[in-house]
1. Say each of Thr145 and Asp3 gets a label point 7 Å from the Cα, pointing the same way as Cα to Cβ; how far apart are those two points in nm?
2. Using a Gaussian network model of the chain with C-alpha springs under 10 Å, which one of Thr38, Thr124, Thr151 is most mobile by mean-square fluctuation?
3. Treating only the Cβ atoms of Lys and Arg (+1) and Asp and Glu (-1) as charged, compute the dipole magnitude of the chain about its Cα centre; round to the nearest 20 debye.
4. Amide H of Arg79 versus every other amide H placed in the peptide plane: which residues, excluding those fewer than 5 positions away on the same chain, fall under 5 Å?
5. Rounded to the nearest 0.05, what FRET efficiency do Glu97 and Asp169 have when you use their Cβ-Cβ distance and R0 = 41 Å?
6. May I ask you to give the percent of accessible area on the chain that is carbon plus sulfur, with a probe radius of 1.4 Å?
7. Say we join alpha carbon atoms closer than 10 Å with springs in a Gaussian network model of the chain; which of Leu103, Leu173, Leu94 then has the biggest fluctuation?
8. Which lysines have a Cα lying under 28 Å from the Cα of Lys194, excluding residues fewer than 8 positions away in the same chain?
Amino acid sequence: MPDILVLYYSRGGSVAALARQVARGIGEVPGMQARLRTVPPVAPVTETTAPPVPDEGAPYASRADLDECVALAMGSPTRFGNMAAPMKHFIDGLGSEWASGTLVGKPAAVFTSTATQHGGQESTLLSMMLPLLHHGMLVLGIPFTESALNTTRSGGTPYGASHVAGADDDPALSEDEKQLARALGRRLAETARKLQA
């Protein structure tokens, strides 16, 4: 069964919660399944080496995951209107995949979480799209035919799924946020299935 890579970095749990909803939406499309993967944290000074497998949650992504996937959903928390450093560090290491065209023609989508309603969700989603476009991916968003996009009072944008965690960094998603993340996963899986036909 074709795998769709759901690649994310999450520190407070919000992006991981979105990733699980995106994966759930992918699983709702017959013949498609999600492969959850994360990226390791980075630090300006490394005192110890991180274990090769995280203590909990999804395994770390490998280059094989990118090669084997038929589509990619990528998520990161927002850091000053941009993706977090661990995700950017991972992407910056994909020069050989760019040169060999590993991701060319595969559909992609993005998702994020912020502490505030106007904390840079849309700029983060757009910034995450840029390297995907350089890799030749077909970037998808959420169309306004998804009714929750018109009614949400929390996260959710036409550029991708999102969550507003608030000042307390609450990872619990609203019903609209869940619905939009699943819709993004379904749309990604449906597009990948059509391209595989």
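1. Spacing of the two 7 Å Cα→Cβ label points: 3.1 nm.
2. Comparing Thr38, Thr124, Thr151 in a Gaussian network model of the chain, the most mobile one is Thr151.
3. Here the chain has a charge dipole of around 440 debye.
4. Ala84
5. Approximately 0.80, to the nearest 0.05.
6. Details: 5130 of 9560 Å².
Carbon and sulfur atoms account for 54 percent of the accessible area of the chain.
7. Leu94
8. The reachable lysines, counting only those whose Cα sits under 28 Å from Lys194, are Lys106, Lys178.
The values are calculated or read from the model by the stated rules, or taken from the named source; none is laboratory data. Given the structure is predicted, the values throughout are model-derived calculations rather than measurements. Virtual Cβ from ideal backbone geometry, glycine too; neighbours counted across all protein chains shown. Ligands, DNA and RNA are stripped out before the accessible areas are found, and what is left, the full protein with its side chains, is counted by its heavy atoms. Shrake-Rupley method; radii C 1.70, N 1.55, O 1.52, S 1.80 Å.
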